[in-house]
Every structure is written in structure tokens, then in C-alpha cells.
1. Mind checking which residues of region 24-77 are of a type in the set (Asp, Glu) and at positive phi?
2. Considering region 73-126 alone, what residues qualify as being within 19 Å of Leu27 (Cα to Cα) and among the acidic types (Asp, Glu)?
3. Six or more apart or on different chains, Cβ under 6 Å: which pairs go from a residue in region 126-146 that's surrounded by 13 or more Cβ atoms within 10 Å (Cβ to Cβ) to one that's outside any strand (DSSP E or B) and of a type in the set (A, V, I, L, M)? Could you list them?
4. When you look at Asp22, is it modelled with pLDDT of 95 or more and part of a helix (DSSP H, G or I), yes or no?
5. Can you pull out the residues in region 48-91 that are of a type in the set (Ser, Thr, Tyr), farther than 11 Å from Val21 by Cα and surrounded by 16 or more Cβ atoms within 10 Å (Cβ to Cβ)?
6. If you scan region 64-83, which residues turn out to be over 23 Å from Ala32 (Cβ atoms) and of a type in the set (Asp, Glu)?
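The values are calculated or read from the model by the stated rules, or taken from the named source; none is laboratory data. On a predicted model such as this, the values are computed, not experimentally measured, just so you know. Because the Cβ atoms are built from the backbone with ideal geometry, glycine has one as well, and the counts that use them run over all protein chains shown.
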Amino acid sequence: MRMIAAVLALLLVAARPPATVDDLGWLAGDWASEAGGRWTEESWTAPRGGVMLGVSRSGRGEVLRDYEFIRIAADDDGAISYIAMPQGGAPVTFALVRYDGTSATFENPAHDYPQRIAYVREGDTLTATIAAIDGAKARTWAYRRR
């Protein structure tokens, strides 16, 4: 009986249609985190034209420490990717590996760090976590909707 349930579960997962950028629309909005004089802001546009555009910046007090341009888009084969340009540099691509109505995980095992980027939304809270592919060196930000 367990074997039948496992096979049915696999069939249901396999039957799931591929993700679209629209499936990640729950990420859209302006998000902010502040603690101990440090701040981080992340903003995402709603999906349109098969793309979501994002920007992130962080600092301490009035000093900007880091910024990043981001986009979520489908490639020619329809696979969804998170493309980051930290400090405006060369793009780094992370493939969407898991998603549902309120979470998404992107991975690039060949990148130095991070190799995994995950978002989880619960109401007006967005949690972002970066880590190595095995979950080591995890750093997490809890954002509130602005």
C-alpha cells in the first residue's frame, strides 16, 4: 500500500505544470528589515511580460553598504531563474528548484556563495535566506511589508 501511495505522489508531482513567473507574484512589494542600526530593503515589481524586477540595498545608519539588481525570468525553454547582479556586476543565475503559493527556492551549486536563495512569505512577513547548497553558512532576513 505504501508503494502505491508513493507512486501516486510522484505522479502528482510529475503532473504539476511547470512554474511561470506569474506563480511568484506573491513576492511583489516593498519589504524592509531593521535591527541594531542595520537596515535592508528589497522591492519587487509584479509579474509583467514574463519578468519580475527587483532591487535590494542594505546599510548602517545613512551609509549604503551593498546593493543588488535582480530579475526573475524564464529562459527560452521556459525554465524560471533568479538572476542577481550584486553591486551592479556580472549576472549570476540561480535556477528555480522548488516553489508553491508562498515559497520559492533557487539554486546554483557552481557559484561560490550563496548557492541557494530561498523566500518564504507568511502574510506581511517575507523571509529570505541565502546559504551553501547543503544549507551551511545560512543567513536570514525577516522583512515586513512597507
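1. First, pick out the residues of region 24-77 that are of a type in the set (Asp, Glu): 30, 34, 41-42, 62, 66, 68, 75-77.
If the condition is that a residue be of a type in the set (Asp, Glu) and at positive phi, then no residue fits.
2. Within region 73-126, Asp100, Glu107, Glu122, Asp124 meet the criteria.
3. Here the result reads Thr129/Ala138; Ala131/Ala138, each pair linking region 126-146 to a residue that is outside any strand (DSSP E or B) and of a type in the set (A, V, I, L, M).
4. Numbers: modelled with pLDDT of 95 or more: yes; part of a helix (DSSP H, G or I): yes.
So Asp22 passes the test.
5. Here is the first cut: in region 48-91, the ones of a type in the set (Ser, Thr, Tyr) are 56, 58, 67, 81-82.
The next check asks that each one be farther than 11 Å from Val21 by Cα; those that pass are 56, 58, 67.
Result: Ser56, Ser58.
6. Asp75, Asp76, Asp77
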